[in-house]
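Worksheet: one structure, shown below.
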Amino acid sequence: MSMTANNSAPKNLADGLKALHAKWGWIVALGVVFLIAGVIALGSVVAATETAVLVVGIMMLMGGVAEIIAAFGVKSWGKFLFWLLLGALYVAAGVIAIMNPLLAATYLTLMLGFALVFGGVLRIFLAFQMKSAGGGPWGWVVLSGLITLLLGGMIIAQWPASSLFVLGIFLGIDLIFIGAGWITMGLALKKRA
């Protein structure tokens, strides 16, 4: 079988933008779909949380099956057992998330809260390292760290009740920003001649 080059691929950025310019309407439509999905998610944050956890559960299940399959390609028993155990844990966690998404959301939300607290503390620490090195916009990094730390603290303080809505709110906001980004890109492509 011979390898042939894809002649339809753009040769440079200008050619790529011309190809996208013709599709600007579809890009805006995609953005509108994401925007609507985000508003719906914010309108029903518990259902959005449950849906997000179901998607995570499906991905964990697929990842676990892939790990188990990959384990059979490993030559040594120690590595085989490690990969097999890792795959089995992923499968078990995926099944639990699919069978009881609200329980899984409880633990995912707690982990998210701790991750945000840790990330906020780390950003604040790094900002003061930047300040002492005399570089960059360290003040904005401190502000970002404080907001992240506060958000994580709020999630943990309201846990386990926060697990019903936090992931759904994050999903809805994320979908709205994704939609706004696609709409902006599509409209910018329309203006570009």
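Rolling a 1.4 angstrom probe over the protein heavy atoms with all chains in place gives the chain an accessible area of 66 Å² per residue. Listed values for region 160-165 are Karplus-derived 3J(HN,Hα) couplings in whole Hz (6.51 cos²θ - 1.76 cosθ + 1.60, θ = phi - 60°), namely x, 4, 5, 5, 6, 10, and x replaces Gly and Pro.
Evaluated at q = 0.09, 0.14, 0.18 Å⁻¹, the base-10 log of the normalised Debye intensity for region 1-127, with identical point scatterers placed on the Cα atoms, takes the values -0.57, -0.98, -0.97.
What dipole magnitude, in Debye to the nearest 20, does the chain give about its Cα centre under +1 on Lys/Arg Cβ and -1 on Asp/Glu Cβ?
Numbers: 10 positive and 4 negative charges, 144 e Å.
I would put it at about 700 debye.
Leaving ligands and nucleic acids out of the surface, order D15, D174 by accessible area at 1.4 Å, largest first. List each step's numbers first, then the result.
Numbers: D15 55, D174 80 Å².
In descending accessible area the options line up as D174, D15.
For region 59-175, the spread of Cα positions along the three principal axes, ordered from largest to smallest, is 52, 37, 25 Å.
The heavy atoms of L61 offer some 50 square angstrom of accessible surface to a 1.4 angstrom probe. Exposure check, 1.4 Å probe, all protein chains in place: M111 carries approximately 120 Å² of accessible surface. Give me the percent of accessible area attributable to carbon and sulfur for the chain, probe 1.4 angstrom. Percent of accessible area from carbon and sulfur atoms in the chain: 77.
The values are calculated or read from the model by the stated rules, or taken from the named source; none is laboratory data. Since we're looking at a predicted model, the values are computed, not measured. With ideal geometry, Cβ positions are generated from the backbone for all residues, glycine too; neighbour counts draw on all protein chains shown. Heavy atoms of the whole protein, side chains included, go into the accessibility calculation; ligands, DNA and RNA do not. Shrake-Rupley method; radii C 1.70, N 1.55, O 1.52, S 1.80 Å.
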